[in-house]
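A.B. asks: Right, I'll just put the structure down here and ask away after.
Please treat every number below as a calculation from the coordinates, not as lab data. Everything numeric here is computed off the predicted structure, so don't read it as measured data. Glycine also receives a Cβ, built like all others from the backbone with ideal geometry; neighbour counts cover every protein chain displayed.
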Amino acid sequence: MAARKTHRCDWRDRAEALESELKVARGELDKLREKTGLLDEKIDALNRRMFGRRSERQRVPDINAEVRKLRPSDPEQAKAKHRATEEQKKQIGAEPHRPEVPRAKCHCEYCGDGPEEFHLIGSKTSTVYSMRPTQLIKRVYTRDTRACHCGKTIVSAPPPERFGKSQYDASVVL
């Protein structure tokens, strides 16, 4: 038996080399398992925060609750606040604007008439609020609507520019 342990050949050397590689690979595998375990814990914690029961989630302030605090709960108080706001709007001086209907649009495809043949058939009024430093300005736009004498073509002045669908332009928002 002593001869077997002292026996050295290429196969024995190869087996010992593979055993040492296996030890290194197992060490690396243990490190990777430890790292994935930590990552799994972090993912579980994040999932609990996002999708867990309400008692486990992080408390994020509810914006609706903040808005409710600002709104008066008493209907009379709300009406009074609304009346005060309307009164403030009435006190703002209005700047009238009357944009022209673009002459390029005043052309009838049916009879070929030009801008001279279009007559006024009505007007639309729009109110837009904008800001100057320390001052709110109310601009009242009256947009004319014109029609060709044949009655088949109707054109209007362009609407005033606003922020979204509100009554305010971008200067009030900024």
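A.B. asks: Between SER166 and ALA45, with labels modelled 7 Å along Cα→Cβ, what's the label distance in nm to one decimal, could you check?
C.D. replies: 4.0
A.B. asks: Modelling each spin label as a point 7 Å along the Cα-to-Cβ direction, I'd like the ASN64/THR125 distance in nm, to one decimal.
C.D. replies: Distance between label points: 3.9 nm.
A.B. asks: So what J values fall out for region 22-39 if you push phi through Karplus, 6.51 cos²θ - 1.76 cosθ + 1.60 with θ = phi - 60°, rounded to Hz, Gly and Pro as x?
C.D. replies: For region 22-39, the Karplus-derived couplings read 4, 5, 5, 5, 5, x, 5, 4, 4, 4, 5, 4, 5, 5, 5, x, 5, 5 Hz, x marking Gly and Pro.
A.B. asks: Another question about this same structure. If you place +1 on the Cβ of every Lys and Arg, -1 on the Cβ of every Asp and Glu, and leave all else neutral, what size is the dipole of region 2-51 about its Cα centre, to the nearest 20 Debye?
C.D. replies: For region 2-51, the charge dipole is close to 120 debye.
A.B. asks: Given a cut-off of 28 Å, name the pairs among LYS89/LYS124; LYS69/LYS138; LYS42/LYS69 whose C-alpha atoms lie farther apart than that in the structure shown.
C.D. replies: LYS69/LYS138; LYS42/LYS69
A.B. asks: Can you spot the aspartates and glutamates whose alpha carbon is less than 19 Å from LYS23's alpha carbon? Ignore those fewer than 8 places along the same chain.
C.D. replies: Result set, ordered by chain and number: ASP13, GLU34.
A.B. asks: Using helices alone, what [θ] at 222 nm do you get for the chain, with -39,500 (n - 2.57) per DSSP H run of 4 or more residues, divided over all residues and rounded to the nearest 500?
C.D. replies: The helix-only estimate for the chain comes to -14500 deg cm²/dmol at 222 nm.
A.B. asks: Run the quick spin-label model on ALA78 and GLU34: label points 7 Å from Cα toward the beta carbon, then report their separation in nm to one decimal.
C.D. replies: 6.1
A.B. asks: Just order 129-138, 142-151 by mean Cβ neighbour count inside 10 Å, highest at the front, would you?
C.D. replies: Per-residue Cβ counts within 10 Å, averaged per peptide and sorted highest first, yield 142-151, 129-138.
A.B. asks: Suppose every K and R has +1 on its Cβ and every D and E has -1 on its Cβ; what is the size of the dipole of region 9-161 about the Cα centre, in Debye to the nearest 20?
C.D. replies: The calculation lands at about 1020 debye.
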